[in-house]
Structures are given as structure tokens and as C-alpha cells.
Amino acid sequence: MTTARVRAVFVETWGCQMNELDGRRLVGLLLHEGYREALSAEEADLVLLNTCSVRDKAEQKVYDRLGRLALMKRERPGMVIGVCGCVAQQEGEHLLKRAPYVDFVLGTGRIEALPTVLRRVDEEGDRPVEIGFDLDEVAYSPGSIAHALPYRAAITVIEGCNKSCTFCVVPLTRGRERSRRLSDVVAEAKDLVEDGVVEVELLGQTVNAYRDPDSGKGLSDLLVEIGRLPGLRRLRFVTSHPRNFDDRLIQAMAETRTACRTLHLPVQSGSDRVLGRMKRQYTREDYVGLVNRLRRAMPELALSTDVVVGFPGEGENEFAETLSLLQEIQFSNVFSFTYSPRPHTAAARWERDVPPRLASERLARLMDLQQDIQRTINNGLVGSRLEVLVDGLDRKGGRLSGRSACNRVVNFDGTGARVGDFVDVLVEKGLPNSLSGRLLGTPLDKSAAESLDCQRGDGCREV
Ligand code: SAM
Ligand code: F3S
């Protein structure tokens with residue numbers, strides 16, 4: 001008797017946390033179909049590219065990778081290649097023409113259709129293109145997500161984006177906003193926490209636009225309900241749009257013990273003229289006012305942001321305003337990008353008056369300034385004791401590494417701590433992108449740490 005060989009899938013993911021989670025959804029759906037997860041494309045029967053198209057470079061990487069997979073497929077004609085994610089959504093049918101060795105295209109709103117699509121490929125020899133969005137319901141099966149870590153998990157609460165920032169392709173690739181039911185999200189969080197997850201991150205392209213379709217309740221209600229689940233230690237959410245951040249949400253964040261004192265709040269530019277052209281729907285003054293309100297409620301809040309440099313209409317003066325905003329706010333981290341024109345966006349039709357070389361020069365100046373700011377902020381943490389959730393070894397592989405509640409990377413000396421433990425670390429050195437320190441005492445056990453938390457609050461305060 002012969003037993004059927006178990007087919008192997010390899011999913012390669014680029015891009016944001018939302019894509020990371022989608023990658024784990026794709027794997028999970030296939031594990032349910034009897035596949036196993038391969039460690040590389042070379043040993044896989046099915047290769048899924050879970051793609052990002054937010055900047056041209058990300059999209060080009062996908063085509064480069066497809067070129068190499070085509071060579072592999074020539075050696076192994078039975079291999080199946082699927083393109084998923086944002087490039088799939090954006091390119092659709094065109095992708096099959098451009099890359100004739102691709103077997104199917106699966107858009108961001110059609111993840112749950114993967115098993116059916118594969119049957120069409122296997123049994124009917126089809127080359128399906130499944131794109132489009134169901135506006136009534138978010139198709140999402142929490143039970144079949146193959147989470148990568150046992151102690152940290154992300155949950156999608158809202159898909160899509162209704163904003164129309166003139167540089168951004170996300171509304172096209174992710175569709176209109178669709179929120180999941182609050183009761184479904186809370187039930188998913190409860191199951192995860194009961195299974196040992198201690199850190200939950202709520203995801204959405206504009207996560208604070210979340211609205212329960214039945215009751216109209218918002219992200220603040222989700223924070224309160226999920227934040228009090230017994231066993232949960234850290235609750236985060238990303239990405240917030242400044243325009244949707246109201247005082248109710250600030251209050252819910254401040255009052256939720258497990259809500260981390262960290263917030264990613266993309267500003268994009270410090271110039272009102274550029275913000276207007278980007279259609280961001282706030283001014284510099286609005287943004288600074290919001291940051292002041294947040295910091296009044298949570299003085300220890302660590303803020304990070306995104307900045308786009310070299311947007312059409314950005315002269316030296318406008319760029320200087322962005323630099324002065326970074327000085328004024330003192331972000332703990334900045335993700336900065338040179339502007340990349342994207343298909344079907346309003347700005348792509350405008351004259352590109354900042355040459356790419358000048359944009360790169362500005363980016364380098366901005367990054368230099370921000371490195372100095374981060375070095376100063378991180379130096380200020382020397383001598384403090386932080387609670388760190390251990391992730392493993394640092395990049396060089398010699399020391400332990402983890403994240404503080406304020407989401408800083410902390411590398412430290414010491415023994416006895418295991419992956420997934422909460423430990424107490426003394427910060428001895430502040431570097432621009434991380435903190436360095438040493439382990440104090442033994443790892444905190446969960447119940448002891450929970451009672452400590454109750455006394456001291458959470459966030460990046462000292463333990
Ligand atoms: N809604 C999310 C947010 O606000 O972060 C996701 C937007 S996008 C995935 C993440 C960041 O990429 C944006 O905040 C922006 O700074 C940057 N970005 C988006 N489109 C871009 C473009 N055309 N060129 C350069 N950077 C871009
Ligand atoms: Fe993109 Fe603006 Fe939405 S940056 S994801 S269109 S808020």
C-alpha cells in the first residue's frame with residue numbers, strides 16, 4: 001500500500017503587520033487542508049508570494065523573486081506558484097500575462113478562498129484570478145490562523161481604508177473599511193490568551209476607524225474589553241490615523257492597565273502645505289495638539305511615526321518644517337521613506353518636482369537627525385529597570401534580546417531566561433536603535449508579575 005505524500009507549502013511575506021498576519025492565515029488554511037509548512041521554496045510543492053506594493057521597490061522585489069521561481073519551476077514542473085497580497089490585488093489578470101508561470105492570483109480580500117482556488121488549479125487546470133471585496137462581511141477564520149509564536153499574536157479588527165491620501169495605494173489594494181464584529185474580536189482574543197498569549201496587537205490600516213457593525217462601538221470599547229482579559233499582559237494597536245484619534249480613545253488607553261504606553265501615529269510631513277496636498281485631513285497644529293493631549297494623559301508614552309520625504313511640492317522650507325517637527329515632538333522611532341509614485345493614486349499624475357537624488361539626500365539628513373534624537377532619548381533610559389518580554393538571541397547571536405512595553409529592542413546579558421518570559425533588565429547603555437543592559441534576578445513568573453503590574457501600572461515605566 002502506498003501512502004500519499006504530504007504536500008508542502010512555503011509562504012514568503014513582504015510588508016506590514018497586516019501582511020504578516022495574512023501570511024499566517026494562508027499557512028493555517030493549508031495546514032487544515034493537510035499540507036505541511038516548508039522551510040524554503042526549494043522544498044515546497046506550493047509557493048505563495050504574499051506581496052506588498054506600497055512603494056515601487058517592494059513591487060519590483062516581487063517580480064525579481066518570481067523570475068527566480070520561474071527557473072525553479074522549469075526544473076520541477078509540478079510546482080505551483082500563487083501570488084497573493086497587495087500586488088495580486090493591484091495587478092489581477094495582468095499578472096498572469098506578465099508572469100506566465102504563475103498559476104493563480106489571490107487578492108487581499110479573498111484569502112479564505114485559497115482552498116477552493118487550489119482545487120481549481122489541481123483538478124480543472126484553471127489559472128484563477130480571485131480579487132475583489134465582500135463589503136458585507138469580513139471573511140476571517142480565527143481558528144485556522146497558524147500563529148508564529150505562542151506568546152504574541154495579532155488580530156485584524158478592521159480591513160481596508162476609507163481615507164484617500166494622495167500618495168497611497170492601500171485603499172486600492174485593501175478596499176473600503178470593513179470592521180469585524182466586536183464580539184468576534186473579543187472571543188478571538190480570549191481564546192488566544194487562554195492558550196498562553198500574553199501580548200496582543202490589534203491591527204488595521206486605520207485601526208482607530210474601527211466600528212462594531214452592530215452597536216457602533218469603537219476601538220476604545222475594544223481596548224477596555226480585551227484589556228481586562230485575565231492573563232493578558234500587553235495590548236497594542238496599529239496603525240492609528242491622527243484624524244480618528246479622539247479623547248475617548250486617549251482615556252481608554254490611559255485607563256487600560258494592559259494598554260502599552262506606545263503609539264504609532266504617522267504624521268508624514270511637518271508642513272501644512274504638504275499635508276494639504278497629501279490630503280491627510282489635519283494640520284501640523286492639530287497633530288501637535290493631539291500629541292500634547294496624549295502626553296498629558298500618559299506622560300511616559302513612546303511615540304513613533306512615518307514620514308514621506310520628497311513628495312511633490314516639498315521645497316527646502318517644507319522639508320525644514322518636517323525636521324523641526326521631529327525636533328519638537330522627539331519621536332522614539334521614525335519610519336521614513338522617499339516618495340514613490342503609485343499606480344492609480346492622485347499624486348502619481350502630478351509633476352515630480354523633487355528629483356529622486358534630492359529626495360534621498362533629504363532622507364539621509366532626516367535619518368541623521370532622528371538618530372541623534374533617539375540616542376539622546378535612549379541614553380536617558382540608562383539606569384532604569386524595564387520589564388522585557390524575551391524573544392530570543394540578538395542579531396549577533398551572543399546575547400538575549402526582547403522588547404520592553406514601550407516596544408524598544410533590549411539586548412541583555414544574563415542566563416536563565418527563556419523565550420516568552422518576562423524579565424527585569426537594568427539598562428546600562430542607550431544606542432540609537434536599541435537598549436543594552438543586564439538581567440536582574442530570575443524571570444518573573446506570570447502571577448507574581450501580574451500582581452506587580454497592578455501596583456505599578458504598565459508601559460515603559462521602571463519596574
Ligand atoms: N495606514 C497605515 C499607516 O498609516 O501606516 C499604512 C500605510 S503604509 C502601509 C505605511 C507607510 O508607508 C505610510 O504611513 C507612508 O509613510 C508610507 N507610504 C505609503 N505610500 C507611500 C508612497 N507612495 N511612497 C513612499 N512612502 C509611502
Ligand atoms: Fe494609506 Fe492614508 Fe489610508 S496612508 S492606508 S490612505 S490613511
From R293, R284, R280, grab the single residue that is within 16 Å of ligand 2 (Cβ to nearest atom) and either in the same structural domain as H241 (by TED's automatic domain parsing) or open to solvent by 10 Å² or more (accessible area, probe 1.4 Å) (or both).
R280
Return yes when F245 is more than 22 Å from E328 (Cβ to Cβ) and either without any contact (Cβ under 8 Å) to a residue 12 or more places away in the chain or within 16 Å of ligand 2 (Cβ to nearest atom) (or both) and no when it is not.
no
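Given L222, L203, L232, which one is open to solvent by less than 10 Å² (accessible area, probe 1.4 Å), within 16 Å of ligand 2 (Cβ to nearest atom) and touching a residue at least 40 places away in the same chain (Cβ under 8 Å)?
That would be L203, the only listed residue that is open to solvent by less than 10 Å² (accessible area, probe 1.4 Å), within 16 Å of ligand 2 (Cβ to nearest atom) and touching a residue at least 40 places away in the same chain (Cβ under 8 Å).
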P171 is checked against (1) open to solvent by less than 20 Å² (accessible area, probe 1.4 Å); (2) within 11 Å of ligand 1 (Cβ to nearest atom); (3) part of a helix (DSSP H, G or I) and fails just one. What number does that condition carry?
(1)
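Looking at R280, R342, R296, which is the one that is closer than 24 Å to N407 by Cβ, at pLDDT 95 or above and within 16 Å of ligand 1 (Cβ to nearest atom)? I'd like the intermediate steps shown before the answer.
On the way: R342 fails: closer than 24 Å to N407 by Cβ; R296 fails: within 16 Å of ligand 1 (Cβ to nearest atom).
Answer to the selection: R280.
Being within 13 Å of ligand 1 (Cβ to nearest atom) and under 23 Å from V288 (Cβ atoms) narrows it down to one residue among V354, V334; which is it?
On the way: V354 fails: under 23 Å from V288 (Cβ atoms).
Unique residue meeting the criteria: V334.
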Is at least one residue of segment 27-35 open to solvent by less than 30 Å² (accessible area, probe 1.4 Å), within 21 Å of V129 (Cα to Cα) and within 16 Å of ligand 2 (Cβ to nearest atom)?
no
Looking for whichever is touching a residue at least 60 places away in the same chain (Cβ under 8 Å) and open to solvent by less than 20 Å² (accessible area, probe 1.4 Å) here; the options are D22, D56. Which one fits?
D22
If we keep only residues of segment 148-162 that are part of a loop (DSSP other than H, G, I, E, B) and in contact with an Asp or Glu (Cβ under 9 Å, 6 or more places away or on another chain), then the residue farthest from ligand 1 (Cβ to nearest atom) is P150
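The values are calculated or read from the model by the stated rules, or taken from the named source; none is laboratory data. Remember, it's a predicted structure, so these values are computed and weren't measured experimentally. So basically every Cβ, Gly included, is an ideal-geometry build from the backbone, and we count neighbours across all protein chains shown. The area values use the complete protein model at the heavy-atom level, side chains included, leaving out ligands, DNA and RNA. Shrake-Rupley method; radii C 1.70, N 1.55, O 1.52, S 1.80 Å.
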